[in-house]
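One structure below.
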Ligand code: DGY
């Protein structure tokens with residue numbers, strides 16, 4: 001009997017690949033330096049039963065309709081806005097993601113951005129590297145203390161809660177905006193659910209943890225951004241398209257807020273060059289889940305989802 005083929009659009013940690021090989025699947029991996037092009041993906045995966053994709057692979061109707069053998073799209077990310085999930089469902093294809101396994105890593109990075117923005121770490125590094133440090137000075141790079149600050153979490157899901165727990169440990173008060181109440185996060189962190197406008201108005205630090213979909217696209221628009229406190233800090237480790245990036249850049253330029261930390265962008269991987277000119281911006285290359293631990297667990301989970309579905313069992317973490 002022919003082995004079922006699993007096509008992976010990029011090299012991922014070995015652990016998942018080994019699991020698939022051990023189970024007898026034929027694993028084919030795209031090894032090009034750049035992102036795989038749609039046309040090549042279709043050519044190479046046309047006889048595949050499973051597709052393992054990255055968040056940067058747009059898996060739309062066109063691609064899905066050219067892959068007749070497909071039973072599962074296993075996304076190597078918790079976000080799945082890169083996949084036309086509705087169309088996959090119509091075609092009877094299961095879509096899975098990697099929740100839980102990257103929560104702590106992404107929350108760690110969010111805290112790193114909060115601290116770096118509060119304490120102007122990028123400006124400090126720059127100053128030292130450019131040999132401009134002339135000695136201790138009372139007003140050198142004054143930042144903001146975290147204790148007693150109000151942190152507003154937009155989206156109190158797994159990552160939002162993990163950020164709230166960390167912020168609480170730094171002595172912050174937590175408020176949040178979410179579709180539903182998160183009683184467990186409220187119990188652990190004392191967080192209070194508020195409206196989005198109230199959160200924007202009352203937070204010293206705002207951290208975004210919502211998925212991108214038709215309801216959240218541009219949710220944090222000009223009107224919402226305008227509500228921010230004069231000295232606010234805003235952090236986005238979710239998806240660039242949930243925020244009006246151009247307007248936020250204008251606010252940062254005019255020092256209307258204190259700082260912003262970005263791990264994600266509206267036109268990723270392109271970054272608006274204006275953003276990179278600003279001292280009050282910390283910009284990272286979408287590395288929220290980039291720890292050895294999280295990436296190994298993600299690799300294991302994408303493989304386990306494929307194995308489950310191709311063996312006729314239920315997937316571990318379906319999204320549709
Ligand atoms: C995801 O998995 O969706 C994250 O954006 C990775 O950092």
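Counting the residues of the range 284-320 that are out of contact with any strand residue (DSSP E or B) (no Cβ under 8 Å at 6 or more places or on another chain), more than 16 Å from the ligand (Cβ to nearest atom) and assigned to a loop (DSSP other than H, G, I, E, B) gives 4.
A quick yes/no check of all residues on (1) surrounded by 15 or more Cβ atoms within 10 Å (Cβ to Cβ); (2) under 22 Å from the mean Cα position of the chain (by Cα); (3) at pLDDT below 95:
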site: 170; (1), (2), (3): yes, no, no
site: 180; (1), (2), (3): no, yes, no
site: 189; (1), (2), (3): yes, no, no
site: 207; (1), (2), (3): yes, yes, no
site: 214; (1), (2), (3): no, yes, no
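Among the residues making up the range 40-76, none is crowded, with 23+ Cβ neighbours inside 10 Å, over 15 Å from residue 302 (Cα atoms) and without any contact (Cβ under 8 Å) to a residue 24 or more places away in the chain. Only one entry of 118, 161 meets the criterion of being closer than 16 Å to residue 208 by Cβ and surrounded by 15 or more Cβ atoms within 10 Å (Cβ to Cβ), and that entry is 161.
A count restricted to the range 65-90 and to residues that are in a loop (DSSP other than H, G, I, E, B), away from the ligand (no atom under 16 Å from the Cβ) and in contact with a helix residue (DSSP H, G or I) (Cβ under 6 Å, 6 or more places away or on another chain) stands at 4. Do we have residue 115 as assigned to a loop (DSSP other than H, G, I, E, B) and more than 16 Å from the chain's Cα centre (by Cα) here? So residue 115 does not fit the description; no. A single entry from 98, 106, 110 fulfils the requirement of being touching a strand residue (DSSP E or B) at 6+ places or on another chain (Cβ under 8 Å), assigned to a helix (DSSP H, G or I) and either within 16 Å of the ligand (Cβ to nearest atom) or not assigned by TED's automatic domain parsing to the domain that holds residue 238 (or both): 110. Taking the range 159-250 and the strands (runs of 3 or more DSSP E) fully enclosed by it, the elements with 1 or more residues that are assigned by TED's automatic domain parsing to the domain that holds residue 262 and within 16 Å of the ligand (Cβ to nearest atom) are at 205-208, 233-236.
Considered as a group, the residues in the range 259-283 that are free of Cβ contacts under 8 Å to residues at least 24 places away in the same chain and outside any loop (DSSP other than H, G, I, E, B) include one that is nearest to the ligand (Cβ to nearest atom), and that residue is 283. One residue stands out in the range 250-273 among those that are closer than 28 Å to residue 82 by Cβ and more than 20 Å from the chain's Cα centre (by Cα): the one that is surrounded by the most Cβ atoms within 10 Å (Cβ to Cβ), namely 252. Given the structure, is residue 12 under 21 Å from residue 289 (Cα atoms), in a loop (DSSP other than H, G, I, E, B) and modelled with pLDDT of 95 or more? It is true that residue 12 is under 21 Å from residue 289 (Cα atoms), in a loop (DSSP other than H, G, I, E, B) and modelled with pLDDT of 95 or more.
The residues in the range 232-252 that are out of contact with any helix residue (DSSP H, G or I) (no Cβ under 7 Å at 6 or more places or on another chain) and over 20 Å from residue 118 (Cβ atoms) can be counted, and the count is 7. Checked against (1) part of a helix (DSSP H, G or I); (2) more than 22 Å from the chain's Cα centre (by Cα), residue 147 passes all but a single condition, namely (1).
The values are calculated or read from the model by the stated rules, or taken from the named source; none is laboratory data. Note that the structure is predicted; figures quoted are calculated from it, not measured. Because the Cβ atoms are built from the backbone with ideal geometry, glycine has one as well, and the counts that use them run over all protein chains shown.
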